[in-house]
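> Below is one structure. I have some questions about it.
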Amino acid sequence: MDEKAIIIIQLLLRIVGLFVCVNKAKELNRSQGRWGFFGFVSPILAMIWIHFMKPVMNWNENLNDNNL
């Protein structure tokens with residue numbers, strides 16, 4: 001394979017990893033910027049890691065709404 005083709009494939013994988021991680025982080029109420037950076041730096045590891053995470057819940061907001 002040509003060296004330019006390998007670089008293009010790596011760049012595309014990083015961009016896909018960035019978007020997958022940002023979208024999943026938004027769904028899980030997690031930091032989109034940090035996960036986007038992690039998805040760009042290490043896309044395969046970040047995509048696997050974030051798909052096994054549970055959502056973050058804000059219990060304080062729910063508690064305050066119920067006390068009104």
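The values are calculated or read from the model by the stated rules, or taken from the named source; none is laboratory data. This structure is a prediction, so every number in the text was calculated from the model and none was measured. Virtual Cβ from ideal backbone geometry, glycine too; neighbours counted across all protein chains shown. The accessibility values were calculated without ligands, DNA or RNA, using every heavy atom of the protein model including side chains. Shrake-Rupley method; radii C 1.70, N 1.55, O 1.52, S 1.80 Å.
> For A5, are the conditions met, namely being assigned to a helix (DSSP H, G or I), surrounded by 11 or more Cβ atoms within 10 Å (Cβ to Cβ) and not hydroxyl-bearing (S, T, Y)?
In short, no.
> Here is a further query. Filter region 22-31 down to the residues that are in a helix (DSSP H, G or I) and either open to solvent by less than 80 Å² (accessible area, probe 1.4 Å) or touching a Gly at 6+ places or on another chain (Cβ under 7 Å) (or both) and list them by number. Even if it seems obvious, please write down each step before you answer.
Filtering region 22-31 for residues in a helix (DSSP H, G or I) gives 22-27.
If the condition is that a residue be in a helix (DSSP H, G or I) and either open to solvent by less than 80 Å² (accessible area, probe 1.4 Å) or touching a Gly at 6+ places or on another chain (Cβ under 7 Å) (or both), then V22, K24, A25 are the ones that fit.
> Further question: Based on this model, can you work out whether F40 counts as modelled with pLDDT of 95 or more and open to solvent by 100 Å² or more (accessible area, probe 1.4 Å)?
Here the answer is no, as F40 does not meet what is asked.
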